[in-house]
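Please read the structure below before turning to the comments.
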Amino acid sequence: MSRRFTSAGAVAAASAAVLALVGTALPAAAATPPPAAAGTAVPADAAVIGSPQLSVAVADDFPRVLSYTDRAGGDQLLGSTQPVTAVTLNGAPHAVQSKGAPEVTATTARYTLTFPDLPGVEIDASLSVSGRTTTFKVTAVRDTEAFRVGTIDIPGHDLVSVGSTETGAATAFTRLDPDS
């Protein structure tokens, strides 16, 4: 196996998405989500990472945010509403699974992802929180002679979700990068 994309510059090139929640997430009227649609309920035992300003519930099956909670006001914003079951490597979708439970600290959740149809190919990824910023990073890619990872795409990896049925729901971005 080769260890590729382990430098800071390569990590950014491989995949990085940053979401900053500035101010309260939603007005108080929208703090409670509408009746749960399929896949939107946050499990009571979900791992939580965070900072003094922000609490972030994370999934144990994939590095995805389930919800954000502003610690000062209690306002909430949903993250991913559906599991991520495939990752596109080199333009082709491949089933993905977590190698085990994520390694969770107060501020970071680290995952190792495997691909049943690609023995030996693994991707390490993390979610971390600093202040009001949540960051997703691919931190390492281990590939094989038989399968070299050139590109990574994660369809359906929603770091934030706002449903049109949520009263007062709105999003604001200073910059939206379609490659993130």
Report task. Check SER126 against each of (1) open to solvent by 30 Å² or more (accessible area, probe 1.4 Å); (2) polar (S, T, N, Q); (3) under 12 Å from the mean Cα position of the chain (by Cα) and name the one condition it does not meet. Result -> (1)
Requested in this report: Residue by residue through the stretch 140-180, note down the ones that are hydrophobic (A, V, I, L, M, F, W, C), open to solvent by 40 Å² or more (accessible area, probe 1.4 Å) and at pLDDT below 70.
Outcome: ALA170, ALA172, PHE173, LEU176
**Report entry** Complete set of residues in the stretch 53-68 that are in contact with a Gly (Cβ under 9 Å, 6 or more places away or on another chain), without any contact (Cβ under 8 Å) to a residue 40 or more places away in the chain and more than 16 Å from ASP124 (Cα to Cα)
**Finding:** ALA57, LEU66, SER67
Query raised in the report: If you scan the stretch 107-117, which residues turn out to be touching a residue at least 24 places away in the same chain (Cβ under 8 Å) and under 16 Å from the mean Cα position of the chain (by Cα)?
Result: THR107, THR108, ALA109, ARG110, TYR111, LEU113
Report task. Quick one: which strands (runs of 3 or more DSSP E) lie wholly within the stretch 1-112 and hold at least 1 residues that are at pLDDT 50 or above, closer than 22 Å to ASP153 by Cβ and open to solvent by 30 Å² or more (accessible area, probe 1.4 Å)? Result -> 86-89, 92-95
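The values are calculated or read from the model by the stated rules, or taken from the named source; none is laboratory data. A quick note: this is a predicted structure, and the numbers were derived from the prediction, not measured. Here Cβ is always computed from backbone atoms with ideal geometry, including for glycine, and neighbour counts include all displayed protein chains. For accessibility, only protein heavy atoms count, side chains too; no ligands or nucleic acids. Shrake-Rupley method; radii C 1.70, N 1.55, O 1.52, S 1.80 Å.
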